[in-house]
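Student: I have a structure here, written as structure tokens, and I will follow up with some questions on it.
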Amino acid sequence: SKNTIILGIETSCDETSVAVVKNGREVLSNIISSQIESHKRFGGVVPEIASRHHVEQITYIVEEAMAKADIQVEDVDGIAVTEGPGLVGALLVGVNASKALAFAWDKPLIGVHHIAGHIYANHIVEELDFPLLSLVVSGGHTELIYMKEHASYEVIGETRDDAVGEAYDKVARTLGLPYPGGPHIDRLAHEGKPVIDLPRAWLEEGSYDFSFSGLKSAVINTLHNAKQRGEEWSKEEIAASFQASVVDVLVTKAMRAAEDKKVDRLVLAGGVAANKGLRAELTEACGKAGLKLTVPPLELCTDNAAMIASAGTFLYWNGNFADDRLNGQAGLLL
Ligand code: KG4
Ligand code: ZN
């Protein structure tokens, strides 16, 4: 049968990315233009700046992705774009670019949920098999998602306050580390010991939900009270203790959900999937429980368009197309 080639576009936050993916798994190109440098001095992503960057970049990145993939317009079967969730002004740049391309090239348009994209980064690594459980951890999300088949998502647990990545970035800021702070905490955590006893929010018996704002406050209070109590903690000790608490909760809840839902496969997704501590503990726990674990390589963990094209391929195969009313939706549900 014929190959399916999907052009993917991702502009939900601070990465402008365009990719070409064949049959949902083979990445022909995946161009990622990061704006991190432009947002650093503000300590976080500034929505207006993000939108402007996307506008300036998008046409060039489309050209680059097509050239790198070495294909012609006639080879493209459909155009998949992140429709949400994310920053609405940023999303609109990708959505409008996709609509223009779909119209000009006469191709079907496909709207993709950003989190579905993160999960499908794993399909690029190793074909998904079902049922599976996905642990999605990023700057905006902390979710446990059960999938019984392709393009089917059941959110069984989510954060009630801060996302994991957000907690990492806030704690990093308290320690005077640059944005985004997650990778810095991860690095420091490996140089220190988790000597501070920080809380773990297990919530009600049986709940798969998460909460990280209490932990973040506990870190801030620990720092604040240290002087009065005559304690002195190094950044490494604080980072290690914080990371130990986060990883303990994430791994314990994911493993319990995997057991309750009787899945044999676990996939990790989102920017925080880059975390070395999380990867190591989850790998060990899955090994013990006999679960197959997939973790995407770094460039597929953070925002990219290849994952959007991959998830979009299944919507294309299902005939799940969008029309010219497709809109960017900041709070789109899975
Ligand atoms: O998925 P992503 O690129 O963007 C969102 O959709 O949010 O995730 C970005 C988040 C940031 O909060 C960043 O600090 C965090 O992922 N992150 C990490 C690591 N690498 C990135 N957090 C902990 N450890 C890391 N190694
Ligand atoms: Zn993301």
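The rows are residues; the columns are (1) touching a Gly at 6+ places or on another chain (Cβ under 8 Å); (2) crowded, with 19+ Cβ neighbours inside 10 Å; (3) of a type in the set (K, R).
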| position | (1), (2), (3) |
| --- | --- |
| V21 | yes, yes, no |
| V27 | no, yes, no |
| S34 | no, no, no |
| S38 | no, no, no |
| G44 | no, no, no |
| E48 | yes, no, no |
| I58 | yes, yes, no |
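Student: Continuing with this model, one more query. Whether any residue in segment 37-60 is touching a strand residue (DSSP E or B) at 6+ places or on another chain (Cβ under 9 Å), away from ligand 1 (no atom under 15 Å from the Cβ) and among the polar types (S, T, N, Q) is what I want to check.
Tutor: yes
Student: From the list V112, V20, V27, which one is under 29 Å from T142 (Cα atoms), touching a Lys or Arg at 6+ places or on another chain (Cβ under 9 Å) and part of a strand (DSSP E or B)? First the steps, then the outcome.
Tutor: Working: V112 fails: touching a Lys or Arg at 6+ places or on another chain (Cβ under 9 Å); V27 fails: touching a Lys or Arg at 6+ places or on another chain (Cβ under 9 Å).
Result: V20 is the single residue among V112, V20, V27 that is under 29 Å from T142 (Cα atoms), touching a Lys or Arg at 6+ places or on another chain (Cβ under 9 Å) and part of a strand (DSSP E or B).
Student: Okay, next question. Report, by residue number, each residue of segment 25-55 that is over 19 Å from G271 (Cβ atoms) and either of a type in the set (K, R) or outside the structural domain of T11 (by TED's automatic domain parsing) (or both).
Tutor: R25, R41, R52
Student: Somewhere in segment 202-222, is a residue more than 19 Å from the chain's Cα centre (by Cα), assigned by TED's automatic domain parsing to the domain that holds G271, closer than 22 Å to E15 by Cβ and away from ligand 2 (no atom under 16 Å from the Cβ)?
Tutor: Looking through segment 202-222, none of the residues is more than 19 Å from the chain's Cα centre (by Cα), assigned by TED's automatic domain parsing to the domain that holds G271, closer than 22 Å to E15 by Cβ and away from ligand 2 (no atom under 16 Å from the Cβ).
Student: So, of the residues in segment 60-85 that are acidic (D, E) and part of a helix (DSSP H, G or I), which turns out to be surrounded by the fewest Cβ atoms within 10 Å (Cβ to Cβ)?
Tutor: Checked segment 60-85; the qualifying residue surrounded by the fewest Cβ atoms within 10 Å (Cβ to Cβ) is E74.
Student: Could you tell me whether R187 is within 15 Å of ligand 1 (Cβ to nearest atom), within 17 Å of V247 (Cα to Cα), of a type in the set (K, R) and assigned to a helix (DSSP H, G or I)?
Tutor: For R187, the condition - within 15 Å of ligand 1 (Cβ to nearest atom), within 17 Å of V247 (Cα to Cα), of a type in the set (K, R) and assigned to a helix (DSSP H, G or I) - is met.
Student: Cβ-Cβ distance below 9 Å, separation of 6 or more or different chains: which pairs start in segment 275-296 with a residue that is over 21 Å from A116 (Cβ atoms) and end on one that is among the basic types (K, R)?
Tutor: Here the result reads K276/R187; C286/K292; L291/R265, each pair linking segment 275-296 to a residue that is among the basic types (K, R).
Student: Let me ask something additional. Does any residue in segment 247-258 that is assigned by TED's automatic domain parsing to the domain that holds Y208 come within less than 6 Å, Cβ to Cβ, of a residue that is assigned to a helix (DSSP H, G or I) six or more places away or on a different chain, and which pairs are these?
Tutor: Filtered contacts from segment 247-258: V247/G277; V247/L278; V247/E281; V251/E281; V251/L282; V251/A285; M255/A285.
Student: Of all residues in segment 126-173, how many are assigned to a helix (DSSP H, G or I), touching a residue at least 40 places away in the same chain (Cβ under 8 Å) and more than 16 Å from ligand 2 (Cβ to nearest atom)?
Tutor: Summing the residues that are assigned to a helix (DSSP H, G or I), touching a residue at least 40 places away in the same chain (Cβ under 8 Å) and more than 16 Å from ligand 2 (Cβ to nearest atom) in segment 126-173 gives 3.
Student: On to the next question. Please give the helices (runs of 4 or more DSSP H) falling wholly within segment 253-334 in which 2 or more residues are crowded, with 24+ Cβ neighbours inside 10 Å and more than 16 Å from ligand 1 (Cβ to nearest atom).
Tutor: 305-317
The values are calculated or read from the model by the stated rules, or taken from the named source; none is laboratory data. Everything numeric here is computed off the predicted structure, so don't read it as measured data. Cβ coordinates were reconstructed from backbone atoms using ideal geometry, including for glycine residues, and neighbour counts include every protein chain displayed.
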